[in-house]
Each structure stands twice: as C-alpha cells, then as structure tokens.
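The values are calculated or read from the model by the stated rules, or taken from the named source; none is laboratory data. Small disclaimer: the values here were computed from a predicted structure and weren't measured. All Cβ positions, glycine included, derive from the backbone under ideal geometry; neighbour counts span all protein chains shown. SASA here: full protein model, heavy atoms, side chains in, ligands and nucleic acids out. Shrake-Rupley method; radii C 1.70, N 1.55, O 1.52, S 1.80 Å.
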Amino acid sequence: MRSCRRRRAESYASAAGAGSGLGSSVVHRHRQQWIARRGGGCVPGHLTSTGRSPYTVAAYAHDLRDFFEWIGQRDADFRCLGLEDLAEFFVWLQRPRPARQPGVYQLPGTPPAVANTTLVRKRAALAGLYRFHARRDETVPALLGELAGPRPMGRYVPMLAHTRRHGPGPDAYSPIRIAIAPKVPATVTAGEIRRRVDACANLRDRFLIVLLSETGLRIGEALGLRHEDLRLRAGEVRVVPRESNVNAARVKGLKPRTVPAGAEVFDAYADYMESEYGTLDCDYVFVNLFRPPVGAPMTRGAVEDLAARLRKRTGIGHFTPHVLRHSWATRLLRAKVPVEVVAELLGHASSQVTEQIYAHLTVEDHREVLVSAGMLRNGSVEA
C-alpha cells in the first residue's frame, strides 16, 4: 500500500503545474519607505539588490525605525552624531515604549523593556547603516565598527584571521559593548514531535512537521519547495535557491544543498498528495487548501498560525518551526555525526557556526562522557 502511494505521489509531482499566477510579493514595504524618507533609504534597497531575504530586509527596516524615531525627536541628522549620542540611543531603547516619548521621566530602577539580545540585533542594523554611508561619504564615520564581525556581531572568527598583516585597527569593532549570555537553542523530544504531528488537523500540516523534524530545513526553505525538489526514488530533498518565489520564501544565503530523507518523509508526502493536494495546478509543495486563494503557495504567516494552534493543542509553549531544526541538529550531534557533515546538512557557512550554535550539553550528556571515560561509576566521580 505504501509503495503504491509513493508511486502515485511521484506521478503527482511530475505532473504538477507551473505556477499559481500570483503577482510579486512585497514584505513590509511601508517600513522600508518610512526609513527612506528619513535618510536611510538606500540601505534596504542595497540589501535587496545583494540578494538578502525579504524578511531580512523587513527586519532591518524594523530595527532602524526605532533609531530614526529617536533622532526625529531630537531633530538631529544621523551623519552628525557621535558615540555619546548613540550610547544615549541604546539607553532610550531600554525604556518601555510609552516612556520613549519626549518629556516623559522614567523612575530609577525600572527594568529594561528589551533584552540585550534585542539590543545586539539593533546595534548590528545600526552598524550596517553607518558602514554603508561611511563607504560613500568620507564625512560619515563608521561609528559602530568598520567590520561586520566577529566581535561586534558574534564570536565567529575566520580560520585565517590571524594572518592579517597588520590586524584590525582600533576602529574595526564596535566600541559600544553589549554583554549577552550564550543562549541554548530550544529543542523538543521525539515524543513531543509525535504529539505535534498527531495534533495536526490535516495531512499537509502533518507532512510539514515531519519534513522539518526529519531534514532540519528552515521554514523559508520548506515553503519554497517545488515538487521536482523531492526526489522520492533517491530519498533526497533538494534545497534550491529561487529569488522569484511569490510567497517571499527564500533560501538563506542562496546556498543550495541536498538533504537525505527517510521513508517517513516521503510517505507523509504521498498521503498529502493523494488525499488533499489532488489535481491542484501548482508547482509549490505547500499550498493553501482551506482558505482563499486555494492553490496559492502557503506563506510564513500561515505557518505561524499553525504553530500557535499546535502550541495551544499540545501545551508545549516553546514550539516554533525553527525548534524542529534545532532538535534535528542536536540529535545528529549526539549521534556522533561529524560537525562538518551537520554544518553541510544545515546549510551553515562553516562548521564554526554549527559549533557555536550547538555548543550546549545537558547534564546527561556530561554524565555519558564521564561514564565512557571511566570517571563516573555508581553516580559518583572516581578519585
């Protein structure tokens, strides 16, 4: 029965249509236009032209909007600000939004309204703004550093960074330091994944959860899948960069890769194709089935709605689609898959990125290492 369904799914995939007829998707264009009117307008356009994801551009514009709101209150020009001014901006960011209005006094001891991780992200956006203009106008300083990393943006260090002849200068890194503790990626157990699959109300959603949990795809990569990207006979899922996706789905860094997948993934795909997809004429794998426009590519917003419903049904509050990616990577590393292989499967730029993100170990991981080394017996460490 299963093999028959999979053969039928292959025929569905090969006969899928060539598109849904939707026009070009625009993500949060009003934010980008708002930034443009206030002096930072070239930057979102530059990010778009260099192949950045629409969601990246939208997030960048969102973070810069706070900055231009702040300088608007002071009737200032960002080109004329100094480090002391930017330090005041980051203090202002930590206020609750109602307290950011001019003339509002904040009582001492009021807890910060935003976390340091948010401040670091906004600092990265602001540093990009200044670097962009510093390269085009010698009167504008790169106040938050001339380099994109490693120190101002993260801990990643290129392998040959030590071979630079003179090393980075004093202006290379951001002088405004924001301390953040390494954040352990949230994960879910195999049992919790099964609960989410069982909580799905339709086969499309079940297939999406199974796909993400068994391949580690990002949600944008999954939503951009075409039927031709699922190689059922080879047991592979191809991640193909496409900049023309009408649902704004994007492969991060436009980096292609191929991920092996097991029978569970393709069986779920076959069930979805046979029972729900039917004769819809669309080459996207994930499409609207129960709300208009039926047959149009599924969007990130629809997936966020699905995640919210699954959190409510299962009571697992930390679930997001990206948690499934973290969980898959963690399972691979605990199974002793080499980090270089995991980095390739995840589509990371380097294995250093993978090591940095997944450098978390639980007490049980520590216990297993100590037992394997002969240092732990009967619950106590050998002297």
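Does Gly103 satisfy the criteria of being assigned to a loop (DSSP other than H, G, I, E, B) and either within 27 Å of the chain's Cα centre (by Cα) or at pLDDT 90 or above (or both)? So Gly103 does not fit the description; no.
Entry remark, segment 294-345: residues being among the small types (Gly, Ala, Ser) and under 17 Å from the mean Cα position of the chain (by Cα) number 6 in total.
Listed residues Glu69, Glu84; which is open to solvent by 60 Å² or more (accessible area, probe 1.4 Å) and part of a helix (DSSP H, G or I)?
After ruling out the rest, the residue left standing is Glu84.
Among the residues of segment 336-356, is there at least one that is basic (Lys, Arg) and within 30 Å of Gly253 (Cα to Cα)? Yes, that holds for at least one residue.
For (1) in contact with a strand residue (DSSP E or B) (Cβ under 7 Å, 6 or more places away or on another chain); (2) within 29 Å of Arg313 (Cβ to Cβ), each residue gets a yes or a no:
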| site | (1), (2) |
| --- | --- |
| Leu208 | no, yes |
| Ile219 | no, yes |
| Leu232 | no, no |
| Val251 | yes, no |
| Arg257 | yes, no |
| Tyr269 | yes, yes |
| Ser275 | no, yes |
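When Arg195 is tested against (1) open to solvent by 20 Å² or more (accessible area, probe 1.4 Å); (2) more than 20 Å from Trp328 (Cα to Cα), only condition (2) is not met. Every condition in (1) at pLDDT below 95; (2) out of contact with any Leu (no Cβ under 8 Å at 6 or more places or on another chain); (3) among the β-branched types (Val, Ile, Thr) holds for Val188 except the one numbered (2).
Apart from one condition, Asp171 fits all of (1) at pLDDT below 70; (2) surrounded by fewer than 18 Cβ atoms within 10 Å (Cβ to Cβ); (3) in contact with a Lys or Arg (Cβ under 8 Å, 6 or more places away or on another chain); the exception is (3).
What is the residue count in segment 221-247 for residues that are surrounded by fewer than 21 Cβ atoms within 10 Å (Cβ to Cβ) and small (Gly, Ala, Ser)? Number of matching residues: 3. Does Val259 satisfy the condition of being open to solvent by 10 Å² or more (accessible area, probe 1.4 Å), in contact with a Ser or Thr (Cβ under 7 Å, 6 or more places away or on another chain), outside any helix (DSSP H, G or I) and not basic (Lys, Arg)? In short, no. Evaluate the following for Leu333: is it in contact with a Gly (Cβ under 8 Å, 6 or more places away or on another chain), assigned to a helix (DSSP H, G or I) and hydrophobic (A, V, I, L, M, F, W, C)? Against the criterion (in contact with a Gly (Cβ under 8 Å, 6 or more places away or on another chain), assigned to a helix (DSSP H, G or I) and hydrophobic (A, V, I, L, M, F, W, C)), Leu333 does not qualify. Within segment 95-128, if we keep just the residues that are more than 13 Å from Ile176 (Cβ to Cβ) and among the polar types (S, T, N, Q), the residue that is least open to solvent (accessible area, probe 1.4 Å) turns out to be Thr118.
Here Arg206 passes the criteria (1) outside any helix (DSSP H, G or I); (2) open to solvent by 20 Å² or more (accessible area, probe 1.4 Å); (3) at pLDDT 95 or above except the one numbered (1).
For Val341, the conditions (1) part of a loop (DSSP other than H, G, I, E, B); (2) loosely packed, with under 15 Cβ neighbours inside 10 Å; (3) among the β-branched types (Val, Ile, Thr) all hold with the exception of (1).
Checking each residue in segment 221-240 for being of a type outside the set (A, V, I, L, M, F, W, C) and at pLDDT 95 or above picks out Glu221, Gly224, Arg226, His227, Glu228, Asp229, Arg231, Gly235, Glu236, Arg238. Within segment 273-284, not a single residue is in contact with a helix residue (DSSP H, G or I) (Cβ under 7 Å, 6 or more places away or on another chain), under 23 Å from Thr320 (Cβ atoms), crowded, with 17+ Cβ neighbours inside 10 Å and of a type outside the set (S, T, N, Q). Scan (1) open to solvent by 50 Å² or more (accessible area, probe 1.4 Å); (2) within 18 Å of Tyr130 (Cα to Cα); (3) out of contact with any helix residue (DSSP H, G or I) (no Cβ under 8 Å at 6 or more places or on another chain); (4) modelled with pLDDT of 60 or more for the single condition Arg37 breaks and write down its number. With respect to (1) open to solvent by 50 Å² or more (accessible area, probe 1.4 Å); (2) within 18 Å of Tyr130 (Cα to Cα); (3) out of contact with any helix residue (DSSP H, G or I) (no Cβ under 8 Å at 6 or more places or on another chain); (4) modelled with pLDDT of 60 or more, Arg37 is out only on (4). Under the condition of being in contact with a helix residue (DSSP H, G or I) (Cβ under 8 Å, 6 or more places away or on another chain) and modelled with pLDDT of 95 or more, the residues counted in segment 242-259 number 2. When Glu214 is tested against (1) open to solvent by less than 20 Å² (accessible area, probe 1.4 Å); (2) part of a helix (DSSP H, G or I), exactly one condition is not met: (1).
Scanning segment 285-304 for residues that are closer than 18 Å to Gly224 by Cα and without any contact (Cβ under 8 Å) to a residue 60 or more places away in the chain, we see that the one that is surrounded by the most Cβ atoms within 10 Å (Cβ to Cβ) is Asn288.
Of all the criteria given as (1) within 30 Å of Gly82 (Cβ to Cβ); (2) free of Cβ contacts under 8 Å to residues at least 24 places away in the same chain; (3) not charged (D, E, K, R), the one not satisfied by Ala179 is (2).
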